[in-house]
Structure formats: structure tokens, C-alpha cells
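Colleague: I'd like to ask you about the structure that follows.
The values are calculated or read from the model by the stated rules, or taken from the named source; none is laboratory data. Everything quoted here is computed from the prediction, not taken from an experiment. Counting neighbours? That spans all protein chains shown, and the Cβs are built from the backbone with ideal geometry, glycine included.
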Amino acid sequence: MHGKEREDMSVQTSAYATDTLPADVDVVVIGGGAAGLNGALMLARSRRSVVVIDSGTLRNAPGEAMHGFIVLDGTPPPELLRRGREQVRQYGGRVVFGKVISAEPAAPSAEGDLRFSVTLPTARR
């Protein structure tokens, strides 16, 4: 499926608590689906500062349950995402409700680390 058909299948998750958007972090994960949350969890567990920015739009809207996902087979997608956000936060990660408009290179840090900034409709970081 593509185009209009795909757009019609997307739905918004129910509202969830959003964290404040920090000015500087080690990693910004764009998208809070299973893969984005898992990546953020591993980074947070590795003591990296991480923020997940997610619009809340489910990519698997027609699915009633997750299948083939070890120990969580049959779990409804919204429940998996709720648990994922909770786990990321348990390790110090943040989850921000929002949509990234752009990501652009920024000046390197004083140590020479490559940096970038992301733009959201209401803030630029």
C-alpha cells in the first residue's frame, strides 16, 4: 500500500505524558515505535542521555496484537508502546510527544564531536 491508502490506516495513540525537551542530549530518536523505543532503552541503559520524539501515530494501526515478539505475543500495540516508554524513562531517557520537522548539522562541540539540531513545530533544539 502507498499514498492515500496508507494515510487512512494511521491512527493516533491515546494521549500519554510527555517529558520536557532538554537542550542537549547525546542521542535523539525520531519515532517511538517498538524499534525506536528499544534503541532508546539500550542507549539509556548504556548511560547515554537520550530523548525519543514521537508523534503518537501508530504505524500498525490495523493490528490488534503483536505477534512473533518473544514473551509479548498477543499484546496490543498500545500496551507495548506504554511499557516501552515506561522502561526508557526508568533508565533516565525522556519521551517527548511531538513531530520532528527537520534535522540539520550544527557546529561541532569544543571536543570536536559532530552535532545536529532538530526542529519541532514549537521549539528548535
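Colleague: Considering only residues that are surrounded by 16 or more Cβ atoms within 10 Å (Cβ to Cβ) and among the basic types (Lys, Arg), look in segment 83-116 and name the one that is farthest from the chain's Cα centre (by Cα).
Modeller: Restricting to residues being surrounded by 16 or more Cβ atoms within 10 Å (Cβ to Cβ) and among the basic types (Lys, Arg), the top hit is ARG89.
Colleague: Scan segment 100-107 and give yes if some residue there is over 15 Å from ASP26 (Cα atoms), aliphatic (A, V, I, L, M) and in contact (Cβ under 8 Å) with a residue 40 or more places away in the chain, otherwise no.
Modeller: Yes.
Colleague: In segment 31-64, which residues are among the charged types (D, E, K, R), under 21 Å from ALA103 (Cβ atoms) and either modelled with pLDDT of 95 or more or surrounded by fewer than 17 Cβ atoms within 10 Å (Cβ to Cβ) (or both)?
Modeller: We begin by selecting, within segment 31-64, every residue among the charged types (D, E, K, R); these are 45, 47-48, 54, 59, 64.
Subsequent filtering for residues that are under 21 Å from ALA103 (Cβ atoms) retains 48, 54, 59.
Answer for segment 31-64, where residues must be among the charged types (D, E, K, R), under 21 Å from ALA103 (Cβ atoms) and either modelled with pLDDT of 95 or more or surrounded by fewer than 17 Cβ atoms within 10 Å (Cβ to Cβ) (or both): ARG48, ARG59.
Colleague: Would you pick out the residues in segment 61-109 that are in contact with a Phe, Trp or Tyr (Cβ under 6 Å, 6 or more places away or on another chain) and among the aliphatic types (A, V, I, L, M)?
Modeller: ALA103, ALA106
Colleague: Among the strands (runs of 3 or more DSSP E) confined wholly to segment 49-125, which include 3 or more residues that are closer than 16 Å to THR20 by Cβ, of a type in the set (Phe, Trp, Tyr) and in contact with a strand residue (DSSP E or B) (Cβ under 9 Å, 6 or more places away or on another chain)? Break it down into steps so the answer makes sense when it comes.
Modeller: On the way: elements: 50-54, 94-97, 102-106, 115-119.
Answer list for segment 49-125: none.
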